[in-house]
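A.B. asks: My structure is below; once you've seen it, I'll send some questions.
The values are calculated or read from the model by the stated rules, or taken from the named source; none is laboratory data. Model, not experiment: these values are computed from the prediction. Methodologically, a virtual Cβ is constructed for each residue, glycine included, from the backbone with ideal geometry; neighbour enumeration extends over all protein chains shown. Note: accessible area is taken over every heavy atom of the protein model, side chains too, but ligands, DNA and RNA are not part of it. Shrake-Rupley method; radii C 1.70, N 1.55, O 1.52, S 1.80 Å.
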Amino acid sequence: MTSLDDMNGKFVQPSIPASAPTSAPRLRHPRALVPVLVGLGMLVAVVSSLGAPLIPTIAAEDHVAVSTAQWALTVTMLVGAIATPVMGRLGDGPHRKRVILSGLGAVFLGSLLAALPLGFACLLVGRALQGVGMGLVPLAIATARDALPPHKARGAVTTLSLTTAAGIGLGYPITGLFAEYLGMSAGFWFALVTAAVAFLATLIVVPKPPHRPSTPMDYPGALLLAGGMAALLLALAEGERWGWGSAPLLALAVGAVVLLGGWIAHSLRSTHPLVRVRLVKDRGVLVANLTTMVGGVGTYLLISLVTRYVQTPESGGYGFGASIVVTGLLLVPFSAASLVTGRLVRAMGRAATPARMLPLGCLLSLGSLVCFLLARSSLWGIGAMMALAGLGVGVTFAVTPGLIVGGVPAAETGSAMSFNQVVKYIGYSTGSALSAVVLQASTAPGADLPTNDGYRNAGLVGCAAFLATGVIAVALTRRHTRRPSVVAATAPAEARTEPSRT
């Protein structure tokens with residue numbers, strides 16, 4: 001039986017079979033699987049956000065410059081960008097559960113090293129090991145796709161795709177509370193306990209993946225991608241401190257382009273590449289990755305602006321002089337709205353097509369930045385604005401995983417979703433860097449704070465990012481009218497026409 005593929009007009013096998021595939025793993029605790037997988041996603045989000053609010057405290061306690069303390073955040077993102085595609089490829093084979101447990105083990109050890117008072121160098125090593133955990137979300141999505149029947153997997157995939165964004169609204173207030181009342185190391189002890197619980201839950205609940213042949217590891221591709229991503233993210237993270245026109249930064253940018261170009265060329269020639277770049281030509285995969293990256297720029301730019309704006313002392317002529325705790329609580333509406341919206345989109349079923357949902361998500365996100373431009377005079381207004389931003393993120397992230405997973409065979413799910421996570425990190429890093437660049441340009445020589453107009457200019461940049469995302473979404477989904485946003489996310493390889501690997 002065939003059906004019309006709304007992305008390219010061809011007839012293909014239906015994405016979802018009438019029943020679950022016979023090769024699906026047997027679940028010992030079926031009701032516990034989704035909560036455990038969602039818990040993995042939330043752990044990743046909370047751990048990855050631990051460094052940002054603590055940077056001033058780290059600088060003070062370890063007697064280092066704030067720019068040096070920034071590495072507590074940068075090193076986690078660098079390691080995460082490198083580890084994510086490698087873990088995704090390893091997790092597509094028969095060893096997925098071992099890879100998940102190894103990732104949690106790295107988070108546990110990293111949390112221990114970061115929590116112990118052994119100095120700044122030990123803290124950096126710990127934060128680097130915590131970055132390995134950022135590769136767990138794609139593996140959780142691949143597990144949900146393989147282990148759950150289609151009607152349950154759809155909701156699980158949607159929720160998991162939202163955890164990285166929603167967890168920011170939990171990680172910041174949790175970190176703020178710990179730093180305010182229990183000291184800097186308390187947040188890392190919390191991460192250690194959480195990682196230990198997640199390890200035990202995964203060991204008991206998460207099943208082994210369906211039997212598939214093991215794919216050889218693409219070591220040259222891994223090295224090229226790791227080097228290119230490290231150079232790119234390092235340039236984005238250090239651009240403000242080194243100077244955007246400095247020779248070291250330009251050298252890093254050129255190196256990133258050369259290495260990533262070499263990785264693409266190698267992947268197109270390789271029999272078993274780390275990520276099958278050819279799959280990106282699928283319209284659904286392409287639109288998902290582009291909207292994830294460009295939308296990530298606007299999302300993290302807004303979060304960076306809000307957290308800095310509300311902590312600015314009122315003596316600067318604007319801002320609220322808010323504490324870390326209050327700043328973190330302002331992000332809770334963002335998390336709550338994104339999770340609620342994700343559930344609403346899922347409940348819409350076949351009405352939630354990418355052609356409708358992606359432009360809507362961009363419009364809502366754009367509205368949040370317009371509110372920041374026009375109505376940022378009260379904390380209540382900023383909280384409502386963050387809720388609106390969460391609505392936009394919830395709509396967008398509810399759709400994109402289905403587009404990706406619906407465009408690749410089941411054996412490539414972990415790898416494809418890992419690449420999407422890397423694209424998301426690029427967007428987040430770019431948004432954070434853009435906010436710093438624009439605000440620095442609006443800071444008078446010798447002054448500590450940017451002018452209020454600097455926030456307006458940065459907000460306009462964010463508006464441009466979401467407008468660009470909306471244009472991409474409309475242009476690439478204009479013929480995408482029938483396929484639902486998350487239904488394709490659970491398509492097993494046995495019931496799909498597998499994309500060409502040649």
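A.B. asks: Quick one: Val132 ticks every box in (1) more than 13 Å from the chain's Cα centre (by Cα); (2) of a type outside the set (Ser, Thr, Tyr); (3) closer than 16 Å to Arg96 by Cβ; (4) open to solvent by less than 10 Å² (accessible area, probe 1.4 Å) bar one, so which box is it?
C.D. replies: (4)
A.B. asks: Tell me which helices (runs of 4 or more DSSP H) are completely within the stretch 182-301 and hold 2 or more residues being within 30 Å of Val474 (Cβ to Cβ), or say none if there are none.
C.D. replies: Where helices (runs of 4 or more DSSP H) fall fully within the stretch 182-301 and carry at least 2 residues being within 30 Å of Val474 (Cβ to Cβ), they are 219-242, 247-269.
A.B. asks: If you scan the stretch 197-220, which residues turn out to be closer than 18 Å to Leu101 by Cα, among the hydrophobic types (A, V, I, L, M, F, W, C) and touching a Lys or Arg at 6+ places or on another chain (Cβ under 8 Å)?
C.D. replies: The answer is Ile204, Val205, Val206.
A.B. asks: For the stretch 165-189, enumerate the residues that are surrounded by fewer than 24 Cβ atoms within 10 Å (Cβ to Cβ) and of a type in the set (Ser, Thr, Tyr).
C.D. replies: Within the stretch 165-189, Tyr181, Ser185 meet the criteria.
Here is a yes/no grid of residues against (1) assigned to a helix (DSSP H, G or I); (2) free of Cβ contacts under 8 Å to residues at least 60 places away in the same chain; (3) open to solvent by 50 Å² or more (accessible area, probe 1.4 Å); (4) under 30 Å from Thr215 (Cβ atoms):
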{"position": "Thr57", "(1), (2), (3), (4)": "yes, no, no, no"}
{"position": "Ala60", "(1), (2), (3), (4)": "yes, yes, yes, no"}
{"position": "Val64", "(1), (2), (3), (4)": "no, yes, no, no"}
{"position": "Val75", "(1), (2), (3), (4)": "yes, yes, no, yes"}
{"position": "Leu78", "(1), (2), (3), (4)": "yes, no, no, yes"}
{"position": "Ala81", "(1), (2), (3), (4)": "yes, no, no, yes"}
{"position": "Lys97", "(1), (2), (3), (4)": "yes, no, no, yes"}
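A.B. asks: Does Thr194 satisfy the condition of being hydroxyl-bearing (Ser, Thr, Tyr), open to solvent by less than 10 Å² (accessible area, probe 1.4 Å), at pLDDT 90 or above and under 29 Å from Gly427 (Cβ atoms)?
C.D. replies: For Thr194, the condition - hydroxyl-bearing (Ser, Thr, Tyr), open to solvent by less than 10 Å² (accessible area, probe 1.4 Å), at pLDDT 90 or above and under 29 Å from Gly427 (Cβ atoms) - is not met.
A.B. asks: So which pairs qualify, if the first residue must be in the stretch 313-329 and closer than 17 Å to Gly383 by Cβ and in a helix (DSSP H, G or I), the second must be among the charged types (D, E, K, R) and open to solvent by 40 Å² or more (accessible area, probe 1.4 Å), the Cβ gap must be under 7 Å, and the two must be at least 6 apart or on different chains?
C.D. replies: Ile324/Glu180; Val325/Glu180
A.B. asks: Could you grab the pairs with beta carbons closer than 7 Å, sequence gap of 6+ or different chains, first residue in the stretch 228-254 and at pLDDT 80 or above and surrounded by fewer than 21 Cβ atoms within 10 Å (Cβ to Cβ), second one not in a helix (DSSP H, G or I) and not β-branched (Val, Ile, Thr)?
C.D. replies: Listed pairs, sorted by first residue: Leu249/Gly243.
A.B. asks: Checking the structure you have, find out if any residue of the stretch 144-154 is farther than 21 Å from Asp92 by Cβ, at pLDDT below 75 and surrounded by 20 or more Cβ atoms within 10 Å (Cβ to Cβ).
C.D. replies: No, every residue in the stretch 144-154 fails to be farther than 21 Å from Asp92 by Cβ, at pLDDT below 75 and surrounded by 20 or more Cβ atoms within 10 Å (Cβ to Cβ).
A.B. asks: Of Leu363, Leu388, which residue is within 14 Å of Gly462 (Cα to Cα) and part of a helix (DSSP H, G or I)?
C.D. replies: So the residue among Leu363, Leu388 that is within 14 Å of Gly462 (Cα to Cα) and part of a helix (DSSP H, G or I) is Leu363.
A.B. asks: Answer yes or no: is there a residue in the stretch 430-437 that is under 22 Å from Leu225 (Cβ atoms), surrounded by 24 or more Cβ atoms within 10 Å (Cβ to Cβ), in contact with a helix residue (DSSP H, G or I) (Cβ under 6 Å, 6 or more places away or on another chain) and in contact (Cβ under 8 Å) with a residue 12 or more places away in the chain.
C.D. replies: Scanning the stretch 430-437 turns up at least one residue that is under 22 Å from Leu225 (Cβ atoms), surrounded by 24 or more Cβ atoms within 10 Å (Cβ to Cβ), in contact with a helix residue (DSSP H, G or I) (Cβ under 6 Å, 6 or more places away or on another chain) and in contact (Cβ under 8 Å) with a residue 12 or more places away in the chain.
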